[in-house]
Amino acid sequence: MSCVILVADGARPDTLRAAMDAGHLPALDALRRAGGAHDVTSVFPSVTGPAWVPFLTGRHPGTVGIPGIRWWDRTGARAYAHGTARSYVGFEALRQDGDLDPAVPTLFELAERPLAALTPLGRGLPDGARLGTAIHHWPRLAWTHFRGDIAGWLRLERALAAQVADRVDAGRPDLVVFGHQCIDKLSHLRGHGAPEVLEALRLVDAMAARLADDAARRGDPLHLIVVSDHGHSPVTGHLDLAGWLRAMGLGVRAHPFPFLGGDDVAVMVGGNAMAHLHLELTRPARPWWPRLARRWDPVVTALLDTDAVELALLPIAPGHCEIRARGGRAEVVRDRHGYTYRALDGDPLGLASALGASGAVEGLDADAAHAACAATPFPDALVQVLALADGPRAGDVILSAALGWDLRARWEPIPHRSTHGSLRAAHLQVPLLTSWPLARPPRRTTEVFDLARAAMAAGR
Ligand SMILES: [Zn+2]
């Protein structure tokens, strides 16, 4: 066996570190001593599904067809149960495999004998190698079924982990991916700092311990990666974004009834603390912001005047996006010189103040762009903004919620005390632990893909 990826879904790096420091997670602590523990950035939108794309493909989700957990298919080419409105929440969860760019190989396709459980993306897994799909119609179906049954959820995940560990022992798969989802579910339900979340983290620790013990007994080398796909932060304010836009007199389509409502705007909340707004739905091709600005500028301004919306991204052209906050505008450009951030009449990403620069930050490669954003409230924002805004399925306006807010007041089956999805550090920063020391500190979850490929190659 060569490589196991345990995804501690929704675990924040500070939460994990504190639990390891306190001695609650001995196997993960041993992992961190043997290999290392790093803080890295996930992707925007910071939500399960899109945020697994980097692990499994090494790519940003918007660039390979998964711009959010909900999006509007303007071309109509991939219509399914909700027509041209896609939602991976509920029974369409498994549609992500088909929406993912077929030209981009997944780790499962690159592995010889892959095995996975509770993965939102599974393209390349052979029959019988994808466990937990029956309860994978989370959160709507599974959560309404198990609503509030915390012990039941922990029991379910523990049983699946045991099943996977048994199969690892018996069949020696070369790649194993396991989604530990209870951390996220319990964080939403109880708050990320709740004692139940520690119980969920202990399941990850127990799985790591079991796999390490079994591998040692067999004399097999084990490359173990523990990573999260997004963070969490408390939420008390809920803006009913679709309702708010209807109150502006606009024809709005939104889940759960996206067939009705008019053709002005489709509201696709893609991670609860972010949303794609697809505008003027009768246009067959993406219009881009310059053609929309005259009509929609006042709507964006009004949205930014609410307490709920912190940033509005306005894609102008491929490689060019305006970023707007209540305090002003800037633009990010990617060209042959690299990434450039230019203040127009403000500094919405906080970059100029972080760097002590006035005006523009110019010509950065992706690594330098990551470093430039590290001390700001929006880590890796230069790369993340364009990686999402450039995607052909992205909204014409992309919103990132303010801390303390999400963008869905109704239709959520789970009471939400905690949220994620935005560009904020609390949602974008995640832990990455490896059982072997890395040559250089990793920056992004896209690197998990390369680490896993190297580990699989080493095991051959
Ligand atoms: Zn979640």
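The values are calculated or read from the model by the stated rules, or taken from the named source; none is laboratory data. All values derive from a computational prediction rather than experimental measurement. FYI the Cβ positions are ideal-geometry reconstructions off the backbone, even for glycines, and counts take in every protein chain you see.
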Count of the stretch 81-103 residues which are in a loop (DSSP other than H, G, I, E, B) and modelled with pLDDT under 80:
7
Does G76 meet the test of being modelled with pLDDT of 95 or more, at positive phi and either surrounded by fewer than 18 Cβ atoms within 10 Å (Cβ to Cβ) or not hydrophobic (A, V, I, L, M, F, W, C) (or both)?
no
Mind telling me which of the residues D39, D29 ends up being modelled with pLDDT of 95 or more, surrounded by fewer than 23 Cβ atoms within 10 Å (Cβ to Cβ) and over 23 Å from the mean Cα position of the chain (by Cα)?
D29
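Here's the yes/no breakdown for (1) outside any loop (DSSP other than H, G, I, E, B); (2) among the acidic types (D, E); (3) farther than 16 Å from W244 by Cα:
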residue: P287; (1), (2), (3): no, no, yes
residue: P290; (1), (2), (3): yes, no, yes
residue: R294; (1), (2), (3): yes, no, yes
residue: V300; (1), (2), (3): yes, no, no
residue: L304; (1), (2), (3): yes, no, no
residue: D307; (1), (2), (3): no, yes, no
residue: L313; (1), (2), (3): yes, no, yes
residue: C321; (1), (2), (3): yes, no, yes
residue: R324; (1), (2), (3): yes, no, yes
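Which ones in the stretch 316-332 are modelled with pLDDT of 95 or more and within 21 Å of P377 (Cβ to Cβ)?
The first filter runs over the stretch 316-332 and keeps only residues modelled with pLDDT of 95 or more, leaving 316-326, 329-332.
Residues satisfying the conditions are C321, E322, I323, R324, A325, R326, R329, A330, E331, V332.
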Heads up, the helices (runs of 4 or more DSSP H) in the stretch 328-430 (entirely inside) with at least 2 residues that are basic (K, R) and outside the structural domain of H230 (by TED's automatic domain parsing) are none
Evaluate the following for P234: is it surrounded by fewer than 20 Cβ atoms within 10 Å (Cβ to Cβ) and within 19 Å of the chain's Cα centre (by Cα)?
yes
Among the residues of the stretch 253-265, what is the count of those that are at pLDDT 95 or above and touching a strand residue (DSSP E or B) at 6+ places or on another chain (Cβ under 6 Å)?
1
Return the pair list, or none, for Cβ contacts closer than 8 Å from residues in the stretch 227-241 that are part of a strand (DSSP E or B) to residues that are among the charged types (D, E, K, R) and within 16 Å of the ligand (Cβ to nearest atom), at least 6 apart or on different chains.
S233/R424; P234/R417; G237/D406; H238/D406; H238/R408
Would you be able to say whether some residue in the stretch 435-451 is of a type in the set (A, V, I, L, M, F, W, C) and within 16 Å of the ligand (Cβ to nearest atom)?
no
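Being away from the ligand (no atom under 16 Å from the Cβ) and farther than 30 Å from I150 by Cβ: is that true of A457 here?
Judged against the criteria, A457 is a match.
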Neighbours by Cβ (under 8 Å, 6+ apart or cross-chain): first from the stretch 333-344, farther than 13 Å from D390 by Cβ; second among the hydroxyl-bearing types (S, T, Y):
A343/S358
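Do you know which residues across the stretch 166-196 are more than 19 Å from the chain's Cα centre (by Cα) and either outside the structural domain of W52 (by TED's automatic domain parsing) or within 16 Å of the ligand (Cβ to nearest atom) (or both)?
Selection gives R190, G193, A194, E196.
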I'd like to verify a number: residues in the stretch 36-80 that are within 16 Å of the ligand (Cβ to nearest atom), within 16 Å of V227 (Cα to Cα) and assigned to a loop (DSSP other than H, G, I, E, B), how many?
6
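Does D347 satisfy being touching a strand residue (DSSP E or B) at 6+ places or on another chain (Cβ under 8 Å), within 15 Å of S233 (Cβ to Cβ) and surrounded by 16 or more Cβ atoms within 10 Å (Cβ to Cβ)?
Taking the combined requirement at face value, the residue does not satisfy it.
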Considering the stretch 242-285 alone, what residues qualify as being within 16 Å of the ligand (Cβ to nearest atom) and in a strand (DSSP E or B)?
V269, N272, M274, A275
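Test of understanding: among H223, H278, which residue is outside the structural domain of G36 (by TED's automatic domain parsing), modelled with pLDDT of 95 or more and either in contact with a Ser or Thr (Cβ under 8 Å, 6 or more places away or on another chain) or within 30 Å of G395 (Cβ to Cβ) (or both)?
Working: H223 fails: outside the structural domain of G36 (by TED's automatic domain parsing).
Going through H223, H278 in turn, just one is outside the structural domain of G36 (by TED's automatic domain parsing), modelled with pLDDT of 95 or more and either in contact with a Ser or Thr (Cβ under 8 Å, 6 or more places away or on another chain) or within 30 Å of G395 (Cβ to Cβ) (or both): H278.
Condition check ((1) within 20 Å of the chain's Cα centre (by Cα); (2) not charged (D, E, K, R)) across all residues:
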position: L407; (1), (2): yes, yes
position: T419; (1), (2): yes, yes
position: A425; (1), (2): yes, yes
position: S435; (1), (2): no, yes
position: R443; (1), (2): yes, no
position: E447; (1), (2): yes, no
position: A452; (1), (2): yes, yes
position: G459; (1), (2): no, yes
